[in-house]
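Values in this text are rule-based calculations from the coordinates and carry no lab data. Small disclaimer: the values here were computed from a predicted structure and weren't measured. Reconstructed Cβ throughout: ideal geometry from the backbone, glycine too, with neighbour counts over all protein chains shown.
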Amino acid sequence: MAKKSPETYSLASISLKAVLVHTVTYFVIGFISFSIFDYSARYADPMLGNYMRQTTHPLVAAGPMFQIFRGLLFGLVFFLLRDIYFKKNGWLSIWVTLLIVGIISTFGPSPSSFEGLLYTNVPIYFHLIGLPEVVVQSFLLAYLTHFWVIHPEKKWLSWLFGIAFGFVVIMSTMGILAALSILKVPA
C-alpha cells in the first residue's frame with residue numbers, strides 16, 4: 001500500500017494514534033521507573049512530601065487515564081506540524097521538540113527542567129532520577145507515533161495499541177478502586 005503524503009493525514013487519525021501511544025508508553029515506562037527508582041519511598045521523603053502526591057493517592061492511580069487528554073494535545077500539535085513531523089526521520093524532530101519544550105525548557109519549574117533546577121528546593125538527585133523516565137517515554141512517543149502514522153497499512157499496530165490501551169485503562173481503574181479501598185489488594 002502506498003504511503004500518504006503528509007498533507008493527507010487527518011487530525012482524527014494522528015490524534016487517536018498519539019493518544020494510544022502516549023497513554024501506553026506513559027504507563028509502561030512509568031511502571032518500570034516506579035519499580036526501579038522506588039517512587040513510593042522517594043515521594044514519601046519529607047523534601048518531596050508536600051510537592052508530590054503519595055503513590056497511594058487515587059489521582060496517582062488515575063494518572064494513566066488522564067494521559068488521554070495529554071495525548072489529544074500532542075496529537076493536535078503533531079497534526080499542526082505534520083508537514084515536518086511525518087516525513088522520513090520526522091520522529092527525530094518530534095523527539096527534539098518534546099525534549100526541549102516539554103522537558104528541559106518548560107515555562108514553569110518542572111522537575112528536570114532548567115526552571116525546576118533554578119527555582120525549586122527539590123534536590124538535584126530528584127531532577128536527575130526522573131530524567132531517564134521522561135527521555136525514554138518521549139522517545140517512544142515520538143518514534144512509535146511517527147512510525148504508526150506513516151505506516152497506516154500496519155494493522156497489527158492498531159490491534160497492539162488498542163489492546164494495550166484497554167489494559168492500561170483496566171489497570172488504572174483497579175488502582176483507583178484500590179486507592180479508595182473499594183478493591184482489596186493482597187499484600
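Odds and ends about this structure:
- For the chain, hydrophobic long helices are taken as DSSP H runs at least 20 Å long by C-alpha position along their axis with mean Kyte-Doolittle hydropathy of -0.5 or more; these are 11-36, 58-80, 124-150, 155-179.
- Eigen-decomposition of the gyration tensor built on the alpha-carbon atoms of the chain gives equivalent ellipsoid semi-axes of 31, 22, 12 angstrom, largest listed first.
- Listed residues LEU11, PRO132, MET65: farthest to the positive end of the dipole of the chain (Cβ charges): LEU11
- Helical contribution to [θ] at 222 nm, DSSP H n ≥ 4, -39,500 (n - 2.57), averaged over the chain, rounded to 500: -22500 deg cm²/dmol
- Mean separation of Cα contacts under 8 Å, 6 or more apart, over the residue count of the range 10-179: relative contact order %: 35 percent
- Pairs of lysines in the chain (C-alpha under 30 Å apart; 8 or more residues apart or interchain): 18
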